[in-house]
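Written out below as structure tokens is the structure these notes cover.
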Amino acid sequence: MFYVYLLRSERDPRQRYVGYTGDLKRRIGVHNDGGSPHTAKYKPWTLVAYQAFSEKDKAQAFERYLKTGSGQAFANKRLW
């Protein structure tokens, strides 16, 4: 399975992160251990939502969509 996930910083709840991975549990651990330069300064992170996909390309496409203007509007209304 492939996952698109949404994280919210516990330190600064205004900080959000959308990502994609094949191993959700490990990837959240990387974020919370400071292993990702983009998210390290806002750790710890809480998983808000995730969507599982059986196809990698569909998961990547959904992640890209959530990072667009209309995707952010959708996530603000339905996921955050």
Review point. Picking from Thr46, Thr39, Thr21, which residue would you name as being within 12 Å of the chain's Cα centre (by Cα), more than 22 Å from Phe74 (Cα to Cα) and modelled with pLDDT of 95 or more?
Key: Thr39
**Study point:** Test for Ala75: is it farther than 14 Å from Arg16 by Cα and surrounded by 13 or more Cβ atoms within 10 Å (Cβ to Cβ)
**Key:** no
Point to revise | Residues located in the stretch 30-63, provided they are of a type in the set (Asp, Glu) and more than 12 Å from Tyr3 (Cα to Cα) | key: Asp33
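Go through the stretch 46-77 residue by residue and tally those that are among the aromatic types (Phe, Trp, Tyr) and assigned to a helix (DSSP H, G or I).
Of the residues in that region, 3 qualify.
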Practice item. Output the qualifying pairs, or none if there are none: Cβ atoms under 6 angstrom, residues six or more apart or on different chains, first residue in the stretch 11-30 and under 16 Å from Arg64 (Cβ atoms) and in contact (Cβ under 8 Å) with a residue 24 or more places away in the chain, second residue among the aromatic types (Phe, Trp, Tyr) and in a loop (DSSP other than H, G, I, E, B). Key: none
Exercise for review: Look through the stretch 11-33, keep the residues that are among the basic types (Lys, Arg) and surrounded by fewer than 17 Cβ atoms within 10 Å (Cβ to Cβ), and return whichever of them is farthest from Trp80 (Cα to Cα).
Suggested key: Arg26
Review point. Which condition number does Phe53 fail, the rest of (1) without any contact (Cβ under 8 Å) to a residue 40 or more places away in the chain; (2) out of contact with any His (no Cβ under 8 Å at 6 or more places or on another chain); (3) hydrophobic (A, V, I, L, M, F, W, C) being met?
Key: (1)
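The values are calculated or read from the model by the stated rules, or taken from the named source; none is laboratory data. No experiment lies behind these values; they were computed from the predicted model shown. Positions of Cβ are backbone-derived with ideal geometry, glycine not excepted, and every protein chain shown enters the neighbour counts.
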